[in-house]
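The values are calculated or read from the model by the stated rules, or taken from the named source; none is laboratory data. A quick note: this is a predicted structure, and the numbers were derived from the prediction, not measured. For neighbour counting, all protein chains shown are included, and Cβ atoms are generated from backbone atoms with ideal geometry for every residue, glycine included. Accessible surface areas use protein heavy atoms only, side chains included; no ligands, DNA or RNA. Shrake-Rupley method; radii C 1.70, N 1.55, O 1.52, S 1.80 Å.
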Amino acid sequence: MKDYGSEFRQLLIVKMKISKEKNSLYSQRALARDIGVSSSGLLAFLHRKRRLTPLLAYRIGMYLGLNEHQMYKILVSIIVK
């Protein structure tokens with residue numbers, strides 16, 4: 001099975017760097033707000049202290065602009081794990 005947690009971590013780190021280049025005051029707290037999750041929960045996920053839950057995957061997927069088919073595939077793989 002594919003490890004979507006690692007992929008989402010990498011994508012979020014890249015998005016954070018891009019946002020920080022545009023606005024030096026952009027923070028992980030702002031990223032969490034934009035995604036719709038708590039900052040502590042997002043930091044725990046980014047630091048591998050929290051696994052990727054279906055709700056977190058859904059919110060990150062929506063933030064990244066994934067389509068319904070992509071989201072379905074990811075959510076099924078997380079739930080089946």
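For this structure, a couple of remarks:
- The number of residues in segment 16-36 that are open to solvent by 80 Å² or more (accessible area, probe 1.4 Å), outside any loop (DSSP other than H, G, I, E, B) and farther than 17 Å from residue 56 by Cβ comes to 4.
- Checked against the criterion of being assigned to a helix (DSSP H, G or I), of a type in the set (A, V, I, L, M, F, W, C), touching a helix residue (DSSP H, G or I) at 6+ places or on another chain (Cβ under 9 Å) and open to solvent by less than 40 Å² (accessible area, probe 1.4 Å), the candidates 79, 74, 13 yield just one match: 74.
- In segment 47-64, the residues that are under 14 Å from residue 12 (Cβ atoms) and touching a residue at least 12 places away in the same chain (Cβ under 8 Å) form Cβ pairs under 9 Å with partners that are of a type outside the set (Gly, Ala, Ser) and open to solvent by 100 Å² or more (accessible area, probe 1.4 Å), at six or more places apart or across chains, as follows: 56/50.
- Only one of the numbered conditions (1) within 16 Å of residue 2 (Cα to Cα); (2) touching a Phe, Trp or Tyr at 6+ places or on another chain (Cβ under 7 Å) is not met by residue 79, and that is (2).
- Residue list for segment 51-71, filter: open to solvent by 80 Å² or more (accessible area, probe 1.4 Å) and within 12 Å of the chain's Cα centre (by Cα): 51, 55, 58, 59, 62
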